[in-house]
Structure formats: C-alpha cells, structure tokens
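Below: one structure, written as structure tokens.
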Amino acid sequence: DCSGFTWFVYKKAVGIDIGRTVKAQWKQGRKVRKGKWKPGDLVFFKNTFEKGLSHNGIVINEQEFIHAENERTGVIISRLDSDYYTKHYKGARRIV
C-alpha cells in the first residue's frame with residue numbers, strides 16, 4: 001500500500017520510522033505549502049479510494065511524485081498537476 005511504500009523508503013534511505021499509516025505520516029515533519037515541494041517531501045491526498053485522508057507519495061521533482069498507486073499498477077510516477085491529483089490534494093509534509 002502507499003503508506004507502506006513511503007515508510008519503507010524513509011526507513012531504508014534515512015533511517016527514520018515515519019509510521020505505517022497515511023494518518024500517522026500526516027502528523028510527521030512540518031507543513032509545506034502547495035507548489036513549494038522539494039524531493040523527499042510527502043504529499044497527501046484525500047477521498048481517493050476511501051473518504052478522508054487516503055493516499056500519499058514522495059515528491060521526486062517539482063512536477064512528479066512516486067507512489068504505490070494500487071495493487072494492480074504497483075509503484076509508479078505521477079504528475080502532481082494532473083487533474084486527478086490536483087482534485088484530491090490535501091497537503092504536504094517535510095520530514096528531513
């Protein structure tokens with residue numbers, strides 16, 4: 001799942017346990033304003049496959065993020081400015 005992927009990356013790359021759920025990860029680090037993302041920031045989305053905070057990924061550049069989209073597609077890179085992710089955007093957090 002998405003939060004398992006972000007947890008794994010942070011644990012292996014930085015040695016930080018950010019929690020295993022989207023909601024736990026939402027409480028980590030500090031808030032980042034939309035469009036001010038840096039590589040490594042976590043981006044969060046609401047009302048995707050369920051109501052409320054429901055999906056996240058890791059920013060890789062100013063326009064894209066990597067995430068575990070679903071069981072069928074697995075880990076992919078998506079655009080932050082896509083219609084879908086713009087519509088569901090909740091916020092971002094900077095951990096390091």
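The values are calculated or read from the model by the stated rules, or taken from the named source; none is laboratory data. From a predicted model like this one, the values you see are computed outputs, not experimental measurements. Cβ sites come from the backbone with ideal geometry, for glycine too, and all protein chains shown count toward neighbours. Accessible surface is based on the protein model in full, side chains and every heavy atom, while ligands, DNA and RNA are left aside. Shrake-Rupley method; radii C 1.70, N 1.55, O 1.52, S 1.80 Å.
Quick notes on this one:
- Among residues other than R79 with Cβ under 11 Å from its Cβ, the summed charge is -4 (Lys and Arg +1, Asp and Glu -1).
- In nm, spacing of pseudo-spin labels at F49 and R33 (7 Å Cα→C-beta vector): 3.4 nm
- Sum of side-chain charges, D1 neighbourhood, beta-carbon under 11 Å (Lys, Arg +1; Asp, Glu -1): -1
- Sum of side-chain charges, D41 neighbourhood, beta-carbon under 9 Å (Lys, Arg +1; Asp, Glu -1): +4
- Residue separation of D83 and K12 scaled by 0.36 nm, minus their Cα-Cα distance, works out to 22.4 nm of gained length.
- Note on E71 and T21: with the Förster distance fixed at 22 Å, the Cβ-Cβ geometry gives a FRET efficiency of about 0.80.
- Among the GluC sites (Glu not before Pro) found in the range 54-88, those both in a DSSP coil and sparsely packed, with 12 or fewer other Cβ atoms within 10 Å of their Cβ, are E62, E71.
- The range 18-33 and the range 54-96 have Cα centres lying 14 Å from one another.
- An oblate overall shape is assigned to the range 7-54, the ratio a/c of its alpha-carbon gyration tensor axes (a ≥ b ≥ c) being 1.5 or greater and a/b not exceeding b/c.
- For the chain, the relative contact order comes to 32 percent (Cα pairs under 8 Å, sequence separation of at least 6).
- Using θ = phi - 60° in the Karplus curve 6.51 cos²θ - 1.76 cosθ + 1.60, the 3J(HN,Hα) couplings for the range 72-86 round to 6, 8, x, 7, 9, 10, 10, 8, 5, 9, 5, 3, 4, 6, 5 Hz; x is entered for Gly and Pro.
- For the chain, the fraction of alpha-carbon pairs in successive 10 Å shells from zero, as %: 18, 57, 25, 1
- Taking every protein chain into account, the accessible area of the range 1-71 amounts to 60 square angstrom per residue (probe 1.4 Å).
- Cβ-placed point charges (K, R +1; D, E -1), dipole of the chain about Cα centre in debye, nearest 20: 560 debye
- Lysine pairs within the range 26-96, Cα separation less than 12 Å, 8 or more sequence positions apart or different chains: 4
- The range 15-69, dipole about Cα centre (Lys/Arg Cβ +1, Asp/Glu Cβ -1), debye to the nearest 20: 400 debye
- In terms of Cα atoms, the Rg and Dmax of the range 40-96 work out to 10.6, 31 Å.
- Accessible surface of the chain [probe 1.4 Å, protein heavy atoms]: carbon and sulfur percent: 51 percent
- Along the axis of the charge dipole computed for the chain (Cβ charges of +1 for Lys and Arg, -1 for Asp and Glu, origin at the Cα centre), the listed residues V9, I95, L80 are led at the positive end by I95.
- 222 nm mean residue ellipticity, helices alone, for the chain (DSSP H n ≥ 4; -39,500 (n - 2.57); rounded to 500): -6500 deg cm²/dmol
- For R79, the solvent-accessible surface computed with a 1.4 Å probe is close to 100 Å², ligands and nucleic acids excluded.
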